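Reading through the structure tokens given below for one structure.
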Amino acid sequence: MSLLELDNLSVTYRIASGEVPAVRGVSLSLDAGEALGVVGESGSGKSTLAMALLRLLPKDARVEGRVLLDGEDILAMSWGRLRAVRWAEASIVFQGAQHGLNPVHRIGAQIAEPLLVHGLAKPDQARRRVAELLEQVGLPAWRARSYPHELSGGQRQRVMIAMALACSPRLIIADEPTTALDLMVQAQVLQLIRDLVAEHGISLLMISHDLSVLAELCDRLAVMYAGRVVEEGPAAEVFHQAQHPYARALAGAFPTVGDPVSRLAPRGLGGDPPDPMQLPTGCPFHPRCPVALDECATLDIGLRPAGERRTAACVHAGLHPGLDSGLKEDVR
Ligand SMILES: Nc1ncnc2c1ncn2[C@@H]1O[C@H](COP(=O)(O)OP(=O)(O)OP(=O)(O)O)[C@@H](O)[C@H]1O
Ligand code: SF4
Ligand SMILES: [Mg+2]
């Protein structure tokens, strides 16, 4: 059985001018010890999806569907059970989370806090666990006595990872954990997360807008567009032989891991991502799609089989193994 299973998950924000369908019917599964990368442009619904998993969304968000952790529906849990799950079973490292450290408390006290609050350790055990965690994330144990402002951005992000690991969760959700860091440090921190989860058999759901980074680190990839998964499958196949033209374009946009030039000047997609409140008819990608057919303006095709353990939401998917090379150039 999968450790995590999302079943037709939808999230709609209610705002003054109407409803924002930010996540629309996402179904995904993640096995124990597996790393799943979720990729998509800004606004495609990645963070909304991540927050929905642990019910961290604001009250004005309506969540539908099921989020099963080991078969237990997180969306239907009591608050007491949810609190226990958030600390002991699944933890999340947010976009820009390093700014969430409390400036007036020492690092060690902040890492130890969940262990003490949840009665998982006595003070001296917690101190030993903090030293162990700091060493796991590549920081010397004496750093426990430092304050956040005495650390670099990369070191602070390592502290956040230590906090996420503190209660030995089975699942870590990492939402763009390194966006604020420079490229070298980003690569180191991402690799650290990957190594730690592999070593401890933890499942990882890692979010980024950079497909090449996720392809390096993850076993499987899910590509999101306009709140939906439009392609999903083994990481190398999705990266090198994407079947959905949007996934193909993302793979072309960031061709080299950590290459600053490709990052600053990606061979970008034409057009803008759609406004979720005014989604195009038919396939939501059709106004930007270089291989759209006439029917794409009216036909909203769902995910369909596109190979072994692969799906893609495109009329061309499954017809041939990846788009042919002429098409690849068009899409890029
Ligand atoms: N609290 C909110 N209220 C209303 N709309 C929201 C709220 N949070 C997000 N949205 C909208 O939901 C959509 C998805 O946003 P989300 O933050 O999940 O995207 P994302 O893929 O994480 O983007 P990014 O890459 O920029 O982090 C966007 O259209 C966004 O404007
Ligand atoms: S269904 Fe049509 S518009 Fe959508 S991605 Fe495929 S070819 Fe392009
Ligand atoms: Mg986000």
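What ranking do TYR225, TYR246, TYR13, TYR147 get, fewest neighbouring Cβ atoms within 10 angstrom at the top? Could the numbers behind the result be given before it?
Values: TYR225 24, TYR246 28, TYR13 18, TYR147 14.
If I rank by nearby Cβ atoms, fewest first, I get TYR147, TYR13, TYR225, TYR246.
Hey, if you put +1 on the Cβ of every Lys and Arg and -1 on every Asp and Glu Cβ in the chain, which of VAL20, LEU299, CYS289 ends up farthest toward the positive end of that dipole?
Highest projection toward the positive end goes to VAL20.
Take THR178, THR12, THR281 and order them by how many other Cβ atoms sit within 10 Å, fewest up front.
Numbers: THR178 26, THR12 20, THR281 12.
Listed from fewest to most nearby Cβ atoms, that is THR281, THR12, THR178.
Semi-axes of the equivalent ellipsoid of region 98-168: what are they in whole Å, largest first, if each equals the square root of 5 times a C-alpha gyration tensor eigenvalue?
Numbers: eigenvalues 64, 29, 23 Å².
Semi-axes (√(5λ), whole Å): 18, 12, 11.
Once each part is reduced to its C-alpha centroid, what is the distance from region 109-151 to region 9-31 in angstrom?
Spelled out, the Cα-based centre of one part sits 36 Å from the other.
What percent do you get for the relative contact order of the chain when only Cα pairs under 8 Å and 6+ apart count?
Working: 659 pairs, mean separation 63.1, N = 332.
Answer for the chain is 19 percent.
In debye to the nearest 20, how big a dipole does the chain give about its Cα centre with +1 on each Lys and Arg Cβ and -1 on each Asp and Glu Cβ?
So the dipole magnitude of the chain works out to roughly 1100 debye.
Based solely on its DSSP helices, what 222 nm [θ] is calculated for the chain when runs of n ≥ 4 H residues each add -39,500 (n - 2.57) and the sum is averaged over all residues, nearest 500 deg cm²/dmol? All intermediate terms of the calculation are to be shown ahead of the outcome.
Details: 11 runs with 108 residues, N = 332.
Result for the chain, helices only: -9500 deg cm²/dmol.
As an exercise, find the ratio Rg/Rh for the chain from alpha-carbon atoms, using the Kirkwood inverse-distance average for Rh. Please list the in-between numbers first.
Numbers: Rg = 20.5 Å, Rh = 20.8 Å.
Radius of gyration over Kirkwood radius for the chain works out to 0.99.
Contact order normalised by length for region 98-168, with contacts defined as Cα pairs under 8 Å and 6 or more residues apart; what percent is it?
Working: 83 pairs, mean separation 31.1, N = 71.
Reported relative contact order: 44 percent.
Please identify every one of the trypsin sites (Lys or Arg not before Pro) in region 1-100 that sits in a loop by DSSP and has no more than 16 other beta carbons within 10 Å of its own beta carbon. Present the calculation step by step, with values, prior to reporting the outcome.
On the way: sites: ARG14, ARG24, LYS46, ARG55, LYS59, ARG62, ARG66, ARG81, ARG83, ARG86; in loops: ARG55, LYS59.
Here the trypsin sites (Lys or Arg not before Pro) that fit, given the DSSP loop and packing criteria, are ARG55, LYS59.
Rule-based calculations on the coordinates, nothing more; no lab input. The structure presented is a predicted model; accordingly, all values stated were derived computationally and were not measured. As a convention, Cβ positions derive from the backbone with ideal geometry for all residues, glycine included, and neighbour counts pool all protein chains shown.
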